[in-house]
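Notes to accompany the following structure.
The values are calculated or read from the model by the stated rules, or taken from the named source; none is laboratory data. Note that the coordinates shown come from a computational prediction; the quantities given were computed from them, not determined experimentally. Glycine gets a Cβ as well: all are built from the backbone with ideal geometry, and neighbour counts include every protein chain shown. Only protein heavy atoms, including side chains, enter the accessible area calculation; ligands, DNA and RNA are left aside. Shrake-Rupley method; radii C 1.70, N 1.55, O 1.52, S 1.80 Å.
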Amino acid sequence: MSPAPFDPAALPASVHLETGRGGLPVVRVVGRQGSAELYLHGAHLTSWTPAGGLPVLWLSAASLFTEAKAIRGGVPICFPWFGANPLDPAAPAHGFARLSAWELVGARDEDGTVAVTLRLADSPATRTTAWPHRFEALYTVTVGARLTLALTVTNRGPDAVTFEEALHSYLAVDDIRATEVTGLEGAPYLDQLAGMSVETDTVPVRFSAETDRIYLDSPAATAVTDGSGRTVSIATGGSHSTIVWNPWIVKAGSMVDFGDDEWTGMVCVETANVRTDAVRLGPGQSHTMSLLLSAIA
Ligand code: TA6
């Protein structure tokens, strides 16, 4: 059952639907507990700043705000596949969700914490892709002193479906060379830069070159410390994969929407269900994947 049409005039005073960069519609949240920007293009969260704190998400200064391209930074939504599509080499990397126009279907401010819900459902465009299934996705961004992201996918078709998903979070760091990711020690990972070889680290993830790791059946909690004294903790629900990525110098220089020197200021720690952790839903079933970000200065 599709939700009742949402009346943008019913928005709380802390939520504004405006025209953002590139003329793309953006939901701007200015709540007592935190502020954020959420583009309808891709349901793309481009910024979150807890009240009295520093921005937690990284956004490239070279990002292209156009419907033809995913925004670089923030939290892209990868759905219904991760990376290249194995059935269709011409399909967009990381699926169609981050290239789609989502609709605003809900917004509420509860004591300064603001929740905004966007919706995407199958369409003639999605039904001609390598994943042609009937579905509804609801994405709720809850902006406060902490940030909660929750992606609920419902199978609206008559058959079971399997999909991959990732909340591809770009976190701002003081210097990637002084940054470490804890919580994944001892967990096996696929090294995407070494033919998907299976490796294990007994120490926190540290960075001295391009790093691209897929942890399957991964722990539910990680944390990022960047040498500046700030720690960002990531607690997940319904997620069994974690991806850790920094492009380093050469790959950063190869991306038109990524500044050549920006690689030092970001790390991706992605909350996901990919490869053998892909989600399988029977007809009418739903699945929610969530993450909770807390910044501890
Ligand atoms: O999450 C890591 C990754 O799969 C990397 O391999 C790199 O491709 C990154 O995602 C960014 O992908 P994008 O399609 O957004 O340029």
For a label point 7 angstrom out from the Cα of Arg275 toward its Cβ, which stretches of region 232-253 have the backbone nitrogen within less than 12 Å? 241-244
List the residues, sorted by chain then number, that are 5 or more residues from Phe96 or on another chain and whose placed amide H is less than 5 Å from its amide H. Phe79, Trp81
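So what's the chain giving for Cα Rg divided by 2.2 N^0.38 Å, two decimals? Please list the in-between numbers first.
Working: Rg = 18.3 Å, N = 297, 2.2 N^0.38 = 19.1 Å.
Its radius of gyration relative to the 2.2 N^0.38 Å reference: 0.95.
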What accessible area per residue comes out for the chain, rounded to a whole number of Å², with a 1.4 Å probe? 41 Å²
What order do you get for 123-135, 230-242 when each peptide is scored by the mean count of other beta carbon atoms within 10 Å, highest first? 230-242, 123-135
Quick one: pull the percent of accessible area on the chain belonging to carbon and sulfur, 1.4 Å probe, ligands and nucleic acids left out. 54 percent
Output wanted: per-residue J couplings in Hz (rounded whole) for region 149-159, from phi through Karplus 6.51 cos²θ - 1.76 cosθ + 1.60, θ = phi - 60°, x for Gly and Pro. 10, 9, 10, 10, 10, 10, 7, 9, x, x, 10
Magnitude of the Cβ-charge dipole of the chain, K/R +1 and D/E -1, about the Cα centre, nearest 20 debye? 520 debye
Computed E for Ala145/Val250 - FRET, C-beta separation, R0 35 angstrom, nearest 0.05: 0.35
Virtual spin-label span in nm between His16 and Arg28, 7 Å along Cα→Cβ: 0.3 nm
Residue by residue through region 266-282, which ³J(HN,Hα) values in whole Hz follow from phi under the Karplus form 6.51 cos²θ - 1.76 cosθ + 1.60 (θ = phi - 60°), with glycine and proline marked x? 8, 8, 9, 10, 10, 8, 8, 9, 10, 6, 6, 8, 4, 8, 10, 10, x
Descending packing, highest mean Cβ count within 10 Å first, for 192-204, 74-86, 281-293 is 74-86, 281-293, 192-204
Model label zone, Phe6; criterion: amide N under 19 Å from point 7 Å along Cα-to-beta-carbon; scope region 111-138: 111-123, 135-138
When each pair of different Cα atoms in region 153-193 is counted once in the 1/r mean, what is the Kirkwood radius in angstroms, to one decimal? 14.8 Å
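For region 8-296, what relative contact order do you get, as a whole percent, if you take Cα pairs closer than 8 Å and at least 6 residues apart? Provide the component values of the computation, followed by the final result.
Values: 790 pairs, mean separation 51.1, N = 289.
Averaging sequence separation for qualifying contacts and normalising by length gives 18 percent for region 8-296.
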Sort all Cα-Cα distances of region 227-292 into consecutive 10 angstrom bins from zero, then give the percent of pairs in each bin up to the one containing the longest distance. 17, 33, 30, 16, 4
Residue farthest toward the positive end of the dipole of region 8-296, with Cβ of Lys/Arg at +1 and Asp/Glu at -1: which of Met196, Ala160, Leu291? Ala160
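Provide the gained length on full extension for the span Ala68 to Ala51, in nm with one decimal, where the gain is 0.36 nm per separating residue minus the Cα-Cα distance. Can you show the working numbers first?
Working: separation 17, 0.36 × 17 = 6.12 nm, distance 3.30 nm.
Between Ala68 and Ala51, full extension yields an extra 2.8 nm.
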